[in-house]
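Remarks on the structure that follows.
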Amino acid sequence: MLIKSLSKSSSILTEADVTPESIYHQRRKFMKQGLYGLAGAAFSGMSPSLLANALSFKSTAYGKKETLTPEKAVTTYNNFYELGTGKDDPVNNASQLKTDDWTIEVAGHAEVTGQFSLKDIVKKQQLEERIYRLRCVEAWSMVIPWVGFSLADMLKQFKPTSKAKYVEFTSIYDPDNLKAQKSVFSTIDWPYKEGLRMDEAMNELSFMATGLYGKSLPNQNGAPIRLVVPWKYGFKSIKSIVKIRFTEEMPQTTWNQIASNEYGFYANVNPQVDHPRWSQASERRLPSSFFNLKRIPTKMFNGYEEQVAHMYKGMDLKRYY
Ligand SMILES: Nc1nc2c(c(=O)[nH]1)N[C@H]1C(S)=C(S)[C@@H](COP(=O)(O)O)O[C@H]1N2
Ligand SMILES: [Mo]
């Protein structure tokens with residue numbers, strides 16, 4: 001396979017502003033003691049894998065006042081049908097997802113197209129942390145500290161042309177390893193696909209995540225790279241992306257194809273437009289239990305009205321759900 005490399009640019013990742021604090025302090029301790037790398041980690045009793053997965057990033061103001069959902073809940077209660085339909089299937093089947101030598105194909109209406117290695121794509125970006133709310137269409141929600149970069153910054157590298165009105169995203173298709181993709185009972189016509197209108201893709205909030213809680217993305221959360229669009233229902237935030245295509249027509253999307261009366265293309269979080277089978281007026285903020293249901297009111301555009309409402313001016317949001 002031909003893998004093109006993007007023109008080099010100087011995106012320098014600094015050690016400054018690295019969190020979580022424990023990792024930051026551990027690293028400083030190694031430096032003081034003259035211990036570096038994995039040997040240092042082994043000597044200090046720190047897990048080498050934790051050190052290997054730690055990311056360098058700058059912090060941002062996004063979501064700084066939110067109460068985070070514990071890492072354990074974020075990484076064990078998932079929707080990722082490629083790894084099974086149960087909430088704990090993704091973590092249990094995580095090893096079915098093979099992420100080595102990941103490439104992303106860029107196609108459609110853009111000047112720069114072809115097959116690119118993920119390493120080259122990430123190298124051009126300065127990683128940052130953004131704390132976003134995630135609201136699933138099933139009416140549960142979390143607050144997640146993502147690490148990644150702006151989708152707009154990435155897309156601009158490919159120089160979309162004026163014909164590019166939408167962006168289509170495609171997830172991994174690997175039925176040899178992902179057992180759900182071989183199953184004849186699957187409701188999904190694989191691969192999983194999603195899409196955004198060009199202005200939505202270019203919105204400052206649209207984010208490509210390569211990590212969470214300061215470390216590389218766990219497989220169950222969509223390793224090695226996934227979309228995060230916090231003002232839309234969670235199913236728009238497509239995981240394990242292998243292809244990006246700039247289109248003139250609105251792309252077909254997975255859940256819309258399965259039940260277009262229940263899952264629209266826009267899928268903006270909207271407490272006034274109920275799902276045909278349940279209310280969207282409130283949500284269960286995780287972690288919750290039988291004794292602590294923590295239902296909170298759902299906010300218009302998941303609370304991101306200020307950044308996104310202008311894109312839908314004049315649109316009937318009951319019709320374009
Ligand atoms: N490829 C793919 N992406 C996907 C899904 C999926 O099944 N397959 N599920 C979606 C749904 S419904 C939600 S709510 C979020 C969940 O993300 P999380 O498990 O990281 O919280 O991922 C979305 N992205
Ligand atoms: Mo979801």
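The values are calculated or read from the model by the stated rules, or taken from the named source; none is laboratory data. Bear in mind that the values here come from a model prediction, so they are computed numbers and not experimental data. Neighbour counts run over all protein chains shown; Cβ positions are idealised from the backbone, glycine included.
Scanning segment 240-262 turns up at least one residue that is modelled with pLDDT of 95 or more, assigned to a loop (DSSP other than H, G, I, E, B), within 13 Å of ligand 1 (Cβ to nearest atom) and under 17 Å from W102 (Cβ atoms). A search for C-beta distances below 9 Å between a residue of segment 306-321 that is within 12 Å of N203 (Cα to Cα) and any residue that is in a helix (DSSP H, G or I) and aliphatic (A, V, I, L, M), counting only pairs 6+ apart in sequence or on different chains, returns A309/M300. Looking across segment 151-161, not a single residue is surrounded by fewer than 20 Cβ atoms within 10 Å (Cβ to Cβ) and under 11 Å from the mean Cα position of the chain (by Cα). Looking across D199, D176, one residue alone is away from ligand 2 (no atom under 16 Å from the Cβ) and touching a helix residue (DSSP H, G or I) at 6+ places or on another chain (Cβ under 7 Å). It is D199. On the stretch given as segment 63-85, residues that are assigned to a loop (DSSP other than H, G, I, E, B) and either in contact with a Leu (Cβ under 8 Å, 6 or more places away or on another chain) or over 19 Å from S237 (Cβ atoms) (or both) total 6.
Just to be sure, is V74 touching a His at 6+ places or on another chain (Cβ under 8 Å) and either at pLDDT 95 or above or hydrophobic (A, V, I, L, M, F, W, C) (or both)? For V74, the condition - touching a His at 6+ places or on another chain (Cβ under 8 Å) and either at pLDDT 95 or above or hydrophobic (A, V, I, L, M, F, W, C) (or both) - is not met. Scanning segment 133-145 for any residue that is more than 14 Å from ligand 1 (Cβ to nearest atom) and either in contact with a Phe, Trp or Tyr (Cβ under 8 Å, 6 or more places away or on another chain) or not in a strand (DSSP E or B) (or both) turns up nothing.
The single residue among G148, G114, G86 that is buried (at least 20 other Cβ atoms within 10 Å of the Cβ) and of a type in the set (G, A, S) turns out to be G148. Let me confirm something: among Y233, Y213, Y166, Y192, which residue is modelled with pLDDT of 95 or more and closer than 14 Å to G84 by Cα? Only one candidate passes the filter, namely Y192.
Conditions tested, residue by residue: (1) farther than 28 Å from S59 by Cβ; (2) modelled with pLDDT under 95; (3) surrounded by 14 or more Cβ atoms within 10 Å (Cβ to Cβ); (4) more than 16 Å from ligand 2 (Cβ to nearest atom).
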site: N203; (1), (2), (3), (4): no, no, yes, yes
site: N221; (1), (2), (3), (4): no, no, yes, no
site: A267; (1), (2), (3), (4): yes, no, yes, no
site: V308; (1), (2), (3), (4): no, no, yes, yes
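I'd like the residue in segment 81-139 that is within 14 Å of ligand 2 (Cβ to nearest atom) and over 23 Å from D189 (Cβ atoms) and, out of all such residues, is nearest to the chain's Cα centre (by Cα). The extreme case among them is L134.
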